[in-house]
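Below is one structure, written out as structure tokens; comments come after it.
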Amino acid sequence: MKKSDTEQEQPGLEENKVPDSQSKRELDRELQELAEKEHQEEIYYEERRRERHERNLKRKKRQIRNRNLALIITALAVLGGVGYFYREQTGLKDGMETLVAKVRDLVPDKNSGKESKAAEELAKADQSTESIENPESTENPDINTEEAADSSDSTDIQPESGEGTADDSDETTGNTGDNSEDTAQDESGNMSDEEKTEDNSSDSANQPEQDAAQAAAIDLNGVMPQAAAAGTGIIRRQIRHEKKVLTTAKEKAAQYDYDGAISLLQKDNAYVRNVHFQNAAEKFQKKKDKCVAWSPEQVTHIFYHSLIVDTSKAFDGDYKTDGYNQVMTTMDEFNKITQIMYDEGYVMVNLYDLADVDENGKMQAKQVYLPKGKTPFVLSQDDVCYYHSQDGDGIATKLVIDEEGKIRNEYVQDDGSTVVGDYDVVPLIDRFVEEHPDFAYHGHKGIVALTGYNGILGYRTDISYQTRPDDLNDDKKAWLDAHPDFDLDTERAEAKKVADAMKAEGWTFASHTWGHKNMSTVSMERLETDTQNFKENIDPLIGGTDIIIFAFGADINNGGEYTGNEKFEYLKSQGYDYYCNVDSNKYFVQMTDEYFRMGRRNVDGYRMYYNPDMLADLFDVSQVFDSSRPTPVPPMNGG
């Protein structure tokens, strides 16, 4: 049977399939090889472009550096020349000749072709810096050369971020390295047209700077890199200084110390040329002009005792429970009150912001200036001594300085271990102001009122711990038995260290009388003895104080002026100018030429439970009252 035409052609088609497939694979392989070659060429030229870019950056840095050095060297030469030629008239003959001799030692010897010993040492140091800075410049193009330069500069001050200046550590004592970089060639030994165009355009654009730098560098090739390092180090330090000044000024202004911020800026030598200083000073002045003035009579004063950390221990039903419930505040209540008062615009001020003693010894009223919507108040805390009687009652036991230099508390946990943290008014306010600096007027915080019979701040600083008199109470005896290594000098030194740190943080100290005496009923003899005990045992640790906050809130009279009062006359003679009682009124201020007197408001369980309306201007008691506090709160004096 005869095959069809189609059937006859198929064997021929089958024979042609294999050769066609082989040709296709060969073509694909060739195309792949070409693509790989093109990719390698792209990588190569990309590397060359990167290297060229880096060379251009270095060249520009050198040009800027050399221009600045030319100006510096010229100025020094002029000043040196004037001083040298007029050395006899100015009486600096010997000094100028010594200076010139030292300068000559630094300049290379042109005739001998050798550098001075000092210049050689500086050159070696500079070259070693180069080797450290760029050990693998071709392998690691992302290395930050300015960071390496900073590390080789002056080690006393580290540069801040954003302060990088000219690269001062990648140069050697000559220009040969630069020339070799600038004339980099391709594989054929010739510079590409693209490279020539970029290099020529860069050079022509910076030709005036190059000429000036080269003119200034004649015969000083060995000195210039070292001079550049010194010059850029000075520039860095100046930049850091100006940034620090501006930052400090802003911090002052954030705490409403506009005058201090403006004065800091204007007294700095950089003010005349630093536009940021000038703009900031103008801005601060405008803010001050918009402030509202507050007189002392418009300022309220609130106070706390030590805070209750663990209510289950403080309110455990023993004989101290009622007293804690009446006169103390829980840590949870305190934190809520602080936040609410801040949200309402309250700002802490101290007594010295309200009045001070002038050069003639007369008390003068002052005004507090705050932006509209802000309200000043005074904060104080009584009995910051951490008495033996409070041990085991869920209250902090001591104030300490932690590893970061911050003031904290020691607190004894249920298992008897001691932890360090924020458990009382001082560290809690410190942490709050760290987050909200505008809560502290001029950085001023509260007043800490101290007794002394158990020591201060949790340290057993009273002399009785050492002398152990016959009437030493049982708490002191028990504590001394538990601490056989007690040393009075050590305790006092630690207490003073904490007190100094507190003052640096804006806290002020006051006398609460050494023995927590009721000043309205105490005899003159006991008052004098108590005052001397405070001055001998406490004043040396806190640097003295002219503030007395009366224990029990009991004043030395019933509200009339102190003039002619025997107790006042004695306290005044002992240096006390500020007097604070407790009257629970929103405002009470009395001032004469001799003293400043202020009433305080107790923020505690008793006041919050019985008279929440008396605190309504500060906060809503219903939002802060601790539900773990036993109710009803016992009335005062059984009434």
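The values are calculated or read from the model by the stated rules, or taken from the named source; none is laboratory data. Treat the numbers as computed from the prediction; the structure is a model and nothing was measured. So basically every Cβ, Gly included, is an ideal-geometry build from the backbone, and we count neighbours across all protein chains shown. Accessible surface areas use protein heavy atoms only, side chains included; no ligands, DNA or RNA. Shrake-Rupley method; radii C 1.70, N 1.55, O 1.52, S 1.80 Å.
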It is to be established whether one or more residues within segment 409-422 are closer than 19 Å to His516 by Cα, among the hydroxyl-bearing types (Ser, Thr, Tyr) and either surrounded by fewer than 21 Cβ atoms within 10 Å (Cβ to Cβ) or in contact with a Cys (Cβ under 6 Å, 6 or more places away or on another chain) (or both). no
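Can you say whether Arg600 is buried (at least 17 other Cβ atoms within 10 Å of the Cβ) and more than 35 Å from the chain's Cα centre (by Cα), as far as the supplied structure shows? Can you show your working first?
Values: buried (at least 17 other Cβ atoms within 10 Å of the Cβ): yes; more than 35 Å from the chain's Cα centre (by Cα): no.
So Arg600 fails the test.
Confirm whether Lys477 is within 30 Å of Val433 (Cβ to Cβ) and open to solvent by 50 Å² or more (accessible area, probe 1.4 Å).
Details: within 30 Å of Val433 (Cβ to Cβ): no; open to solvent by 50 Å² or more (accessible area, probe 1.4 Å): yes.
No.
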Filtering segment 328-339 down to residues that are under 17 Å from Leu615 (Cβ atoms), of a type outside the set (S, T, N, Q) and surrounded by 19 or more Cβ atoms within 10 Å (Cβ to Cβ) yields Met328, Glu333, Phe334, Ile337
Selection over segment 253-297 where residues are open to solvent by 80 Å² or more (accessible area, probe 1.4 Å) and either within 30 Å of Met328 (Cβ to Cβ) or free of Cβ contacts under 8 Å to residues at least 60 places away in the same chain (or both) yields a count of 13
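Residues of segment 429-463 being more than 30 Å from Ala293 (Cβ to Cβ) and either surrounded by fewer than 21 Cβ atoms within 10 Å (Cβ to Cβ) or aromatic (Phe, Trp, Tyr) (or both), which ones? Give the derivation first.
Step one: list which residues in segment 429-463 are more than 30 Å from Ala293 (Cβ to Cβ), which gives 431, 450-463.
Residues satisfying the conditions are Arg431, Tyr453, Tyr459, Ile463.
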Residues to consider are Tyr386, Tyr342; find the one that is out of contact with any Asp or Glu (no Cβ under 8 Å at 6 or more places or on another chain), open to solvent by 10 Å² or more (accessible area, probe 1.4 Å) and hydroxyl-bearing (Ser, Thr, Tyr). Tyr342
Scan Ser523, Ser511 and give me the residue that is under 36 Å from the mean Cα position of the chain (by Cα) and modelled with pLDDT of 95 or more. Ser511
Would you please list the contacts, defined by Cβ atoms under 9 Å and residues six or more apart or on different chains, that run from a residue in segment 457-481 that is assigned to a loop (DSSP other than H, G, I, E, B) to a residue that is of a type outside the set (D, E, K, R) and open to solvent by 60 Å² or more (accessible area, probe 1.4 Å)? Arg460/His483; Asp462/Tyr453; Asn473/Tyr453
Any residue in segment 374-391 that's at positive phi and part of a loop (DSSP other than H, G, I, E, B): show its pairings with residues that are open to solvent by 10 Å² or more (accessible area, probe 1.4 Å) and among the basic types (Lys, Arg) at Cβ separation under 8 Å, as long as the two are six or more apart or on different chains. Tyr386/Lys398
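Please indicate, with yes or no, whether at least one residue in segment 555-562 is within 18 Å of Gly452 (Cβ to Cβ) and open to solvent by less than 20 Å² (accessible area, probe 1.4 Å). So that I can check it myself, show each step before the final result.
Of all residues in segment 555-562, those within 18 Å of Gly452 (Cβ to Cβ) come to none.
Scanning segment 555-562 turns up no residue that is within 18 Å of Gly452 (Cβ to Cβ) and open to solvent by less than 20 Å² (accessible area, probe 1.4 Å).
So, of the residues in segment 560-584 that are assigned to a loop (DSSP other than H, G, I, E, B) and in contact with a strand residue (DSSP E or B) (Cβ under 8 Å, 6 or more places away or on another chain), which turns out to be modelled with the lowest pLDDT?
We begin by selecting, within segment 560-584, every residue assigned to a loop (DSSP other than H, G, I, E, B); these are 560-565, 574-577, 583-584.
The next check asks that each one be in contact with a strand residue (DSSP E or B) (Cβ under 8 Å, 6 or more places away or on another chain); those that pass are 561-562, 576-577, 583-584.
Details: Glu561: 93, Tyr562: 95, Tyr576: 98, Asp577: 97, Asp583: 89, Ser584: 85.
The extreme case among them is Ser584.
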For residues that are open to solvent by 50 Å² or more (accessible area, probe 1.4 Å) and assigned to a loop (DSSP other than H, G, I, E, B), scanning just segment 618-627, find the one that is nearest to Lys586 (Cα to Cα). Asp620
Within segment 350-383, track down each residue that is within 26 Å of Asp318 (Cα to Cα) and either open to solvent by less than 10 Å² (accessible area, probe 1.4 Å) or hydrophobic (A, V, I, L, M, F, W, C) (or both). Gln381, Asp382
Among the residues of segment 302-319, is any out of contact with any Asp or Glu (no Cβ under 7 Å at 6 or more places or on another chain), among the polar types (S, T, N, Q) and surrounded by 15 or more Cβ atoms within 10 Å (Cβ to Cβ)? no
Taking the conditions exactly as written (at pLDDT 95 or above, polar (S, T, N, Q), under 30 Å from Glu491 (Cβ atoms) and under 34 Å from the mean Cα position of the chain (by Cα)), does Asn537 satisfy them or not? yes
Name every residue in segment 489-528 that is of a type in the set (S, T, N, Q) and either in contact with a Leu (Cβ under 6 Å, 6 or more places away or on another chain) or not in a helix (DSSP H, G or I) (or both), in order of residue number. Thr508, Ser511, Thr513, Asn518, Ser520, Thr521, Ser523
